[in-house]
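The values are calculated or read from the model by the stated rules, or taken from the named source; none is laboratory data. What you are looking at is a predicted structure, and each value in this text was computed from that prediction instead of being measured. All Cβ positions, even for glycine, are placed from backbone atoms using ideal geometry, and neighbour counts span all protein chains on display. Ligands, DNA and RNA are stripped out before the accessible areas are found, and what is left, the full protein with its side chains, is counted by its heavy atoms. Shrake-Rupley method; radii C 1.70, N 1.55, O 1.52, S 1.80 Å.
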Protein chains: 4
Amino acid sequence: MPITEVPAHLRAAVDAAKEKVAALHAELPRWELVVWTAGNVSERVSNPDGDDLLVIKPSGVAYDDITPGSMVVCDLEGNLVEGDRSPSSDTAAHAYVYTHMPEVGGVVHTHSTYATAWAARAEEIPCVLTMMADEFGGPVPVGPFAIIGDDSIGRGIVETLSGHRSPAVLMRNHGPFTIGKDARAAVKAAVMVEEVARTVHVSRQLGEPLPIAQEHVDSLYARYQNVYGQH
Amino acid sequence: MPITEVPAHLRAAVDAAKEKVAALHAELPRWELVVWTAGNVSERVSNPDGDDLLVIKPSGVAYDDITPGSMVVCDLEGNLVEGDRSPSSDTAAHAYVYTHMPEVGGVVHTHSTYATAWAARAEEIPCVLTMMADEFGGPVPVGPFAIIGDDSIGRGIVETLSGHRSPAVLMRNHGPFTIGKDARAAVKAAVMVEEVARTVHVSRQLGEPLPIAQEHVDSLYARYQNVYGQH
Amino acid sequence: MPITEVPAHLRAAVDAAKEKVAALHAELPRWELVVWTAGNVSERVSNPDGDDLLVIKPSGVAYDDITPGSMVVCDLEGNLVEGDRSPSSDTAAHAYVYTHMPEVGGVVHTHSTYATAWAARAEEIPCVLTMMADEFGGPVPVGPFAIIGDDSIGRGIVETLSGHRSPAVLMRNHGPFTIGKDARAAVKAAVMVEEVARTVHVSRQLGEPLPIAQEHVDSLYARYQNVYGQH
Amino acid sequence: MPITEVPAHLRAAVDAAKEKVAALHAELPRWELVVWTAGNVSERVSNPDGDDLLVIKPSGVAYDDITPGSMVVCDLEGNLVEGDRSPSSDTAAHAYVYTHMPEVGGVVHTHSTYATAWAARAEEIPCVLTMMADEFGGPVPVGPFAIIGDDSIGRGIVETLSGHRSPAVLMRNHGPFTIGKDARAAVKAAVMVEEVARTVHVSRQLGEPLPIAQEHVDSLYARYQNVYGQH
């Protein structure tokens, strides 16, 4: 039976997520990951008594007009539960990820320039920076070409990232999707994937960056995840 | 007989257009499409009782000094109807587009870096990104070389864009012009053409981006135009 | 006999120039032409009764700390006439230009990235954009390698720009200097030289930009100078 | 015996350093040297009666949340002496530099894009700009690959920069570290190393920048250090 309104016991959690997700959207233009109304951040609202919900930006809203009250709430099929506007057209992809990756609490999608440039060539970003080893634990992988509007984007993300160290996937010809334990971690991954995409791109323009030995990648990743966790 | 002042029945519409056009000019430096006083946005004011007018930025005004009151009104021959300063030197090109493309309600011109770089090579931008399929429905076309100061820019825009899916044309050795149902849609197209020009440029620097099959371009474009219309 | 203080009859003109030059310095970081304390703008103060003066930024002052009162006044030998700090180390070059090019009222120097990149290769920027034909009337020329601290920079600027249409010179291995009828025109030229340096650079990264026929360059330049003058 | 609190006679110096280091952190995002919480600035607090201390940013704090009160104080082994949060994970490297280079009063670390791109290729930046001769006195050197979490980064910095004119080292696959007589000088070096890394990169994209003769590098460096000192 579809949820048609936010259950009373989730009201506080939904409102907190709206505040958080609205504020995190400001990080996208700040770090130059998006133009105009592109890009979106969502966060899962866990429901101990039933199906989880998600909070996401509505479609086509300008970054200056984003407020907690303008965020929309959907179920994990992508149906609108609460809100005055249509949810982002990427909501189905976010919802698919939450359904199939229970450890994921936040999802971000952008068309950030350098990450999308690698995606257009369907080329993974090689791990040649210590900050990549820290954050991604190896290369950033490429996902399949997927048509917008059905499950294929969500499936592509889940198939690529399940069991992978990287919290970011470059969807072919499309752009990056990132995941995290919460929306803030997914935004951080969106910022970092553009950073490493840009830096490795620039490095390769004038030669070949030196690889980092796998044992060093592994030890950097292990240290970073232990010291910092997922933040 | 030339219009020498704003007709009383268009006063409210003209004033509303001045507000809107002045505010939209702020989007040009915001998304780094212009430097100094370059670039201009116009909007058509439809006249049910006679010839349409257009509202545009005056020539040489700094972005910080743009106010609704500083906007100028011209007829569709580019003659000044109202305003304290000379209209932008690109007004003739805007006016030509409004005269010959009645469905167009807004026009924008910039020298944004990456779009202008493709224009200097007279090379169309290939459709290798899903966001290009969404917004442009295929490649972004190149218009002819045209001298400034007569009809040739306007003619080049109209000949290239008439019957074309793309709301943007790269005028050879010059820069992009974009159109839309209103000024906001044309500004969005100006932002998006620079975004795709930059992303495809960056992607091609290190290899060849993968093409998107024509059937997928068509279905992405159809979906986006149906779901979103022209906004 | 060296001038040791601002003559009374120039007080108002000097103070006006300090206001203007201080305000124009804000355009340098705004358009990303400088980092830290690099870059400087000066303006000539004409003296009907004797030697002209110039107003310039002091050495090593942060952009946030620039005020009209912090500007310094020098004679055209570069000697300090008024001010609490040492004049910019580029003052000798500015002064040399004012002495040898009486039509010049403003000078600007930056290390803006793309113009400096062309300068490091000692390669002129070819005229492949209509905005270059408008503003520069042809290619942007390269000046000689010159050691800092004597007349050689000033001589290189004057020898390169005298009788040249371009208000900008790329000093080899150093960066651009620009001139104008006043400081604002020279700042505009500094903004525009970086804009065309960047756009032509980007265009050439993926192929060869198409040339503009000399007759078109000439007619674009003539029209622009007539319509706009030097502003 | 480890220091467990700030000695009373250093209280004023520590508080002044906290103010200064907190304010200088704002320069890192301002000049686009860092994203998210990356990057750190430290300053030595000299102790005439015992071991010196250092003030540094805590780990994982957002740039908007940096205040003098959030800065942490460590001894020169990297142990926390005062502060509510863990010191930056790069503290050991900063501390090693202060211990082994007594003339150094400030250290900065970033992952700025262009400097890190050279570092990923382990390629020094050649001295082809007069501003490089001024600030760095020659090429910017590369340091060894070093694992994070022990002394190896600090050792690599000290071995590379000891006796070298350059205040910046590009740590292989990692990014730049810079030093100075105080934190402000080290921040300036961090800004300048990215500036020259970017400009020389851009210049080399379309050809080979011309070298500057060693005698000119030497005279530019000597003049700049005499006139400006280390600021």
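Before moving on, here are some points about what is shown:
- Note on the stretch B:8-226: with charges restricted to the Cβ of Lys and Arg (+1) and Asp and Glu (-1), its dipole about the Cα centre is near 400 debye.
- Scattering from the stretch C:8-226 was approximated by placing one identical point on each alpha carbon and applying the Debye formula without solvent; log10 I(q)/I(0) at 0.11, 0.16 1/Å stands at -0.50, -1.03.
- Net length gained if the chain between D:GLN225 and D:ASP49 were fully extended (0.36 nm per residue, minus Cα distance): 60.2 nm
- Cβ-defined net charge surrounding B:GLU195, 12 Å radius [Lys, Arg +1; Asp, Glu -1]: -3
- Between helix A:91-100 and chain A: long-axis angle, C-alpha atoms, 0 to 90°, nearest 10: 80 degrees
- The protein assembly as shown: projected area of the alpha-carbon convex hull, averaged over directions, in nm²: 41.4 nm²
- Looking at the stretch C:8-226, the accessible area is 33 square angstrom per residue; that uses a 1.4 Å probe and ignores ligands, DNA and RNA.
- For the chain pair C and D, the buried solvent-accessible surface (1.4 Å probe, both sides summed) amounts to about 2800 Å².
- Using C-alpha pairs below 8 Å separated by at least 6 residues, the relative contact order for the stretch D:77-207 is 32 percent.
- C:GLU215/C:GLU5 FRET efficiency (R0 51 Å; Cβ-Cβ; nearest 0.05): 0.45
- Members of C:LYS18/D:LYS188; B:LYS181/C:LYS188; A:LYS18/B:LYS188; C:LYS57/C:LYS181 lying beyond 25 Å, as alpha-carbon distances in this model show: C:LYS18/D:LYS188; B:LYS181/C:LYS188; A:LYS18/B:LYS188
- Per residue convex hull volume, Cα atoms of the stretch C:146-193, in Å³: 79 Å³
- Candidate residues C:TRP31, D:TRP118: accessible-area rank, largest first, probe 1.4 Å: C:TRP31, D:TRP118
- Mean silhouette area of the stretch C:54-169, derived from the convex hull of its C-alpha atoms and averaged over all directions, reads 8.0 nm².
- Just checking the listed ones, C:LEU206, C:LEU76, C:LEU54: in the Gaussian network model of chain C with Cα springs under 10 Å, the one fluctuating most is C:LEU206.
- Taking all pairs of distinct alpha-carbon atoms in the stretch B:132-220, Kirkwood radius in angstrom: 14.0 Å
- D:ALA16 paired with B:ASP151, simple spin-label distance in nm, labels 7 Å along Cα-to-beta-carbon: 7.5 nm
- Shielding by partners for peptide C:208-215, expressed as the average number of C-beta atoms from other protein chains within 10 Å of each residue's C-beta, is 4.
- Chain B - percent of accessible surface contributed by carbon and sulfur, probe 1.4 Å: 49 percent
- Residue-averaged beta-carbon neighbours from other chains (10 angstrom radius) around A:192-202: 5
- Mean-position separation - Cα centroids, the stretch D:9-46 and the stretch D:129-182, in angstrom: 19 Å
- Distance between modelled label sites at C:GLU103 and A:THR67, nm, 7 Å Cα→Cβ extension: 5.7 nm
- For the stretch C:52-102, fraction of C-alpha pairs farther apart than 15 Å, in %: 38 percent
- Once C-alpha pairs closer than 8 Å and six or more residues apart are averaged by separation and normalised to the residue number of chain B, the relative contact order reads 19 percent.
- Chain D Cβ-axis minimum, rotational copy B, residue and distance in Å: D:GLN205, 4
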